[in-house]
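The values are calculated or read from the model by the stated rules, or taken from the named source; none is laboratory data. Computed from a predicted structure; not experimentally measured. We place every Cβ from the backbone using ideal geometry, glycine too, and count neighbours over all the protein chains shown. Just the protein is used for accessible areas: all its heavy atoms, side chains included, with ligands, DNA and RNA removed. Shrake-Rupley method; radii C 1.70, N 1.55, O 1.52, S 1.80 Å.
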Amino acid sequence: MTSLYVDLESEWRGGQGQALLTLRWLRKLGQPTELVTARRCPLAERAAAEGIVVHEVGALGARWQCARLLRRLLNTGRFSLVHANEPHALTAAWLARAHRRVPLVFSRRVAYPLGQSPLALARYRATKRILAISRFVAASIIESGIALGHIETVYEGVEVPELPTAERRHRVRQRWGVRADEMLLGCVGYLLPEKGQRHLIEVLVTVRKQFPQCRLILAGDGPCRAELERQVHELGLGDAVIFVGFVEDIPEVYAALDGFVFPSLAEPLGTSLLAAMAWGLPVVAVARGGVLEIVEDGRTGLLVDAPDAALLAESIVRLLSDAGLAKRLGQAARESIEQRFSAERMAVNTLRVYEKICANGGTR
């Protein structure tokens, strides 16, 4: 059984990071797999660097180009399954009528309703399985009219890194201009309104009244950056908030942190939250969406009911005031990732879906 993975996004975001992790671990598990993606995009370059066979299509008319390429590849008879990683890839596979040749699998990473037009729903119903990244996402798919038996929940995963040495931690904190006596909170993610970074900046004003040496690093870029920078200026926070933009070597950010805050309003799951927990960081998160499936309040992190500045500040101050609590939460968080949300477990569960539908001749 050889699988063909398809992702047409030209930028590097969470879904593409998950694609590369899935491909990497499927190969480690002995599952032959190849990739169709946009020409010279980060995913193509990184996958090729790991020895994955990559088939590229141009950005102009990518879905039609991809559909033609998929037809040619499927005509070789080498592939037993097509896995579309995002909606453009699903459209291309549907246009290629891939589902009439082999089982078609689709990964769903957002929780808003599926398009309700007959044409839109036809793409989803052409799949043999939709892989929801959380039960929260699965529920949104069911609400859109897709049968429960058509859906599998396969949690996204992250690599579990070696914890940083004191020397490495000192070095990366120097990179961001953070002193040894300062407390560094962090948030990693695209800068969008629904990600809630504005609430975190507001919270910092309150936290710094008790911990003036506390600073915040925001890793990621996006349309809200200028607005967030204005907010920092208006609140008089100066260099207390560090905007680092898109970071290629994102582990350097996690290695520098003392705690991680996840203020997203309704996250389907939250891979940056998973990564922070894998680094053994104590986390504070809003109890919305898929976060409730990741964090156990008081054991693997602290949850607040809403992105309210007072609630967030109270939990952050609690962490900064109690080193023992922060250490216990971080250790339990890391153990939880190892047991439930590792990249290897994600790949194992994905492979089980592949084997199940191929063994059944592609039946639902």
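Looking at region 205-260, I'd like the Rg to Rh ratio, where Rg is from alpha-carbon atoms and Rh is Kirkwood's inverse mean 1/r.
Working: Rg = 12.1 Å, Rh = 12.4 Å.
Rounded to two decimals, Rg/Rh equals 0.98.
Just to be sure I understand: with springs between alpha-carbon atoms less than 10 Å apart, which residue in Leu119, Leu148, Leu69 has the highest mean-square fluctuation in the Gaussian network model of the chain?
Leu119
Which three numbers, in whole Å and largest first, are the semi-axes of the equivalent ellipsoid of the chain derived from its Cα gyration tensor as √(5λ)?
Details: eigenvalues 297, 82, 76 Å².
Whole-Å semi-axes of the equivalent ellipsoid: 39, 20, 20.
Say we join alpha carbon atoms closer than 10 Å with springs in a Gaussian network model of the chain; which of Val207, Val82, Val244 then has the biggest fluctuation?
Answer for the Gaussian network model of the chain: Val244.
Would you mind checking the radius of gyration and Dmax of region 68-138 based on alpha-carbon positions, in Å?
So, for region 68-138, Rg and Dmax equal 12.3, 38 Å respectively.
Explain nothing, just the number: dipole magnitude of the chain about its Cα centre with +1 on each Lys and Arg Cβ and -1 on each Asp and Glu Cβ, in debye rounded to the nearest 20.
Values: 46 positive and 39 negative charges, 330 e Å.
Using only the charged Cβ atoms, the result is roughly 1580 debye.
Just name one of Pro251, Phe262, Ile337: the one whose Cα is farthest towards the positive end of the charge dipole of region 207-364 (beta-carbon charges, Lys/Arg +1, Asp/Glu -1).
Going by the charge dipole, the pick is Ile337.
Along the charge dipole of region 113-259, Cβ charges K/R +1 and D/E -1, which of Leu163, Leu185, Leu148 sits furthest on the positive end?
Projecting each Cα onto the dipole axis, the largest value belongs to Leu148.
Just check region 295-345 against the gyration tensor rule for me: Cα atoms, a ≥ b ≥ c as the square roots of the eigenvalues, rounded for a/c under 1.5, and otherwise prolate or oblate depending on whether a/b exceeds b/c.
Working: a/c = 3.44, a/b = 1.65, b/c = 2.08.
Oblate, since a/c reaches 1.5 and b/c is not below a/b.
Express in Å², to the nearest 10, the accessible area of Lys327 obtained by rolling a 1.4 Å probe over the protein heavy atoms while all chains stay in place.
130 Å²
In whole percent, how big is the carbon plus sulfur part of the accessible area of the chain, probe 1.4 Å, protein atoms only?
Numbers: 7940 of 15700 Å².
C and S fraction of accessible area: 51 percent.
Under the 0.36 nm per residue contour assumption, what length would be gained going from the current alpha-carbon distance of Arg78 and Glu159 to full extension?
Numbers: separation 81, 0.36 × 81 = 29.16 nm, distance 3.00 nm.
Difference between extended and current length: 26.2 nm.
In the full protein assembly as shown, how much of Tyr190 is accessible to a 1.4 Å probe, in Å² to the nearest 10?
Only protein atoms counted, so the area is about 80 Å².
Place a +1 charge on the Cβ of each Lys and Arg in region 1-46 and a -1 charge on the Cβ of each Asp and Glu, then give the dipole magnitude about the Cα centre in debye, rounded to the nearest 20. Can you show the working numbers first?
Values: 7 positive and 5 negative charges, 35 e Å.
It comes to approximately 180 debye.
About the Cα centre of region 98-210, what is the dipole size in debye to 20, counting +1 per Lys and Arg Cβ and -1 per Asp and Glu Cβ, all else neutral? Display every interim value, and only then the final one.
Numbers: 19 positive and 10 negative charges, 68 e Å.
Charge dipole of region 98-210: 320 debye, to the nearest 20.
By a straight-distance test (C-alpha under 28 Å), which lysines pair with Lys356 as possible cross-link partners, with residues fewer than eight away in the same chain excluded?
Lys28, Lys128
In Å², what does the accessible area per residue of the chain work out to with a 1.4 Å probe? Write down the numbers at each step before the final one.
Numbers: 15700 Å² over 364 residues.
Here the per-residue accessible area is 43 Å².
So, in Å, what gap is there between the alpha-carbon centers of region 8-60 and region 233-283?
Cα centres, region 8-60 to region 233-283: 25 Å.
Could I have the simple spin-label model distance between Leu95 and Arg169, label points 7 Å from Cα toward Cβ, reported in nm to one decimal?
Between Leu95 and Arg169, the simple spin-label model gives 5.1 nm.
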